[in-house]
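Here the structure comes first, spelled out in structure tokens, and everything after it is commentary.
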Amino acid sequence: MGGGGGGGGSDAVDYQRQQEDARQARIRQGMTQIEEMFNGKDVVTGYTGNVNPNKSGIGNGTYYGPDGRVYNLANGNQGNLRWAGTSAPGVGPSAARVQYDTGGRNWQNLPDQLYTAPGGVGTALNPNTAGIGNGTFYDANGKAYNIQNGNASNKYYGNVRWTGTPSPGTSPQAANPHVQANINGAWEDLPDQLYTGQTMEHQGGYDDAYYNKRATAYNDFALPQLQDQYKTQQKALTYALARGGNLGSSLASQKSGELDKDYGLQQQAVYDTGQDYANKARSDVATNKQNLVQLLQASADPDAVANIAQSQAATMSQMPNFSPLAPVITNVAGSLGTYLANQQTADAIKKAYGDPYSNPINRSSGKVG
């Protein structure tokens, strides 16, 4: 007689799913490390736009602390900001009202009901319970209020305040004038210094500059050797031409041109070889990355893969050992002797067969026919 089935099978499936989820999480972690190693990452190098929220208040937006912490801040009754000593966002000090500067710092209470559009239409709000943002608002009679929240550090900036406070942007509790932010359900004092922006710099990774260094390194290694070969052949050619009395001849121009042309071709060959080194480095980096990804997929061990990646990075940062440049510049001077000897022979033949008196075929026998 069979009994009722237990939940063991379901538990096993849940356990396997949890294990796989954890494995995939480790793989994602490792992939992030691999991508940062090969592609680099943006690093914060400084901050811009400093503001002290406890003196000047603070508007909506994203801000950065000196330690790099990010604060996404929002004013209003649905926001995450309040003055210390108040119960919630958008609430002033005890029984406080929002006041409006009608001119010359003549403060009057705002109505309990304002609208975002004239004629009593648009969104209705009570600034005394919800606070109020910047913009133009209207009372039930159509009177417009151009609202600008304030800055305690500049008495000319801002035209709304809480009653019981001396100026716009001033804390309702002078003994502890701190703006607080709700971070994960807990109220924390904001730092005295926040920033509106960050300066970033992309660091690390293998980019075109990395590969170009390989080509440049080879060029710097090989080009001086090539220039030495060129200078050596120049000297040899000059000596050979001088020895034959041909320094100012068209032959000198011809042979010098041949030497310069060959030098240019060999320079390009050096540049091409340097680019080959750069391309090989690019291929090696791609292969190493692919191998690390495969190892990570198989092991799901990001720490082990990271250690291997660091070891490979140290190896890839080293320049290859370049072989000395073989003799590549044509020995123009060496072929000059053969050229001159052949030219002399050709001249002798031309002279011999071109002179009717020196040509044995055309010599007369002295007899009359």
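State whether one or more residues within region 276-289 are out of contact with any helix residue (DSSP H, G or I) (no Cβ under 6 Å at 6 or more places or on another chain), at pLDDT below 95, surrounded by 13 or more Cβ atoms within 10 Å (Cβ to Cβ) and polar (S, T, N, Q). No, every residue in region 276-289 fails to be out of contact with any helix residue (DSSP H, G or I) (no Cβ under 6 Å at 6 or more places or on another chain), at pLDDT below 95, surrounded by 13 or more Cβ atoms within 10 Å (Cβ to Cβ) and polar (S, T, N, Q). Of everything in region 245-266, what is at pLDDT below 90 and either touching a Gly at 6+ places or on another chain (Cβ under 9 Å) or among the aromatic types (Phe, Trp, Tyr) (or both)? Give them in sequence order. Within region 245-266, just LEU251 meets the criteria. Restricting the first member to region 74-97 and to residues that are at negative phi and among the hydroxyl-bearing types (Ser, Thr, Tyr), and the second to residues that are surrounded by fewer than 18 Cβ atoms within 10 Å (Cβ to Cβ) and modelled with pLDDT of 75 or more, no beta-carbon pair is closer than 6 Å while six or more apart or on different chains. Filtered by the rule that a residue be closer than 20 Å to GLY205 by Cβ, among the polar types (S, T, N, Q) and either in a helix (DSSP H, G or I) or touching a strand residue (DSSP E or B) at 6+ places or on another chain (Cβ under 7 Å) (or both), region 314-335 gives a lone residue, THR315.
Residue count for region 250-281, restricted to those that are hydrophobic (A, V, I, L, M, F, W, C) and closer than 22 Å to ASP208 by Cβ: 3. Scanning region 112-128 for residues that are surrounded by fewer than 19 Cβ atoms within 10 Å (Cβ to Cβ) and either within 47 Å of the chain's Cα centre (by Cα) or modelled with pLDDT of 85 or more (or both) yields a total of 10.
Between PRO89, PRO66, the distinction of being in a loop (DSSP other than H, G, I, E, B) and either modelled with pLDDT of 85 or more or of a type in the set (Lys, Arg) (or both) belongs to PRO66 only.
Is it true that some residue in region 260-276 is in a helix (DSSP H, G or I), among the basic types (Lys, Arg), at negative phi and touching a residue at least 12 places away in the same chain (Cβ under 8 Å)? It would help to see each step written out before you state the result.
Kept after step one, since they are in a helix (DSSP H, G or I), are these residues of region 260-276: 260-276.
With the extra rule that they be among the basic types (Lys, Arg), the set shrinks to 261.
Then keep just the ones that are at negative phi; that gives 261.
Adding the requirement that they be touching a residue at least 12 places away in the same chain (Cβ under 8 Å) leaves none.
Taking every residue of region 260-276 in turn, none turns out to be in a helix (DSSP H, G or I), among the basic types (Lys, Arg), at negative phi and touching a residue at least 12 places away in the same chain (Cβ under 8 Å).
Among the residues of region 290-311, the ones that are buried (at least 18 other Cβ atoms within 10 Å of the Cβ) and among the polar types (S, T, N, Q) come to 0 in all. When region 12-44 is filtered for residues that are of a type in the set (Val, Ile, Thr) and under 13 Å from the mean Cα position of the chain (by Cα), the ones remaining, listed by number, are VAL43, VAL44.
Restrict the check to region 32-46 and report whether at least one residue is out of contact with any Gly (no Cβ under 9 Å at 6 or more places or on another chain), modelled with pLDDT of 90 or more and under 20 Å from ASP192 (Cβ atoms). The answer is yes, given that some residue of region 32-46 is out of contact with any Gly (no Cβ under 9 Å at 6 or more places or on another chain), modelled with pLDDT of 90 or more and under 20 Å from ASP192 (Cβ atoms). Looking only at residues of region 221-244 that are of a type in the set (Ser, Thr, Tyr) and in contact with a Leu (Cβ under 9 Å, 6 or more places away or on another chain), we find that the one that is modelled with the highest pLDDT is TYR230.
Can you name every residue in region 270-308 that is among the charged types (D, E, K, R) and more than 29 Å from GLU20 (Cβ to Cβ)?
Step one: of region 270-308, the residues among the charged types (D, E, K, R) are 272, 276, 280, 282, 284, 289, 301, 303.
ASP272, ASP276, LYS280, ARG282, ASP284, listed by residue number.
Determine, yes or no, whether GLY3 is surrounded by 12 or more Cβ atoms within 10 Å (Cβ to Cβ), assigned to a loop (DSSP other than H, G, I, E, B) and modelled with pLDDT under 90.
On the way: surrounded by 12 or more Cβ atoms within 10 Å (Cβ to Cβ): no; assigned to a loop (DSSP other than H, G, I, E, B): yes; modelled with pLDDT under 90: yes.
No; evaluated as a whole, the condition is false for this residue.
Being in contact with a Pro (Cβ under 8 Å, 6 or more places away or on another chain) and of a type in the set (Ser, Thr, Tyr) narrows it down to one residue among TYR271, TYR277; which is it? Give the steps one after another, and end with the answer.
Details: TYR271 fails: in contact with a Pro (Cβ under 8 Å, 6 or more places away or on another chain).
Being in contact with a Pro (Cβ under 8 Å, 6 or more places away or on another chain) and of a type in the set (Ser, Thr, Tyr) holds for just one of TYR271, TYR277, which is TYR277.
The values are calculated or read from the model by the stated rules, or taken from the named source; none is laboratory data. The structure presented is a predicted model; accordingly, all values stated were derived computationally and were not measured. In this analysis, Cβ positions are derived from the backbone assuming ideal geometry, glycine residues included, and neighbour counts consider all displayed protein chains.
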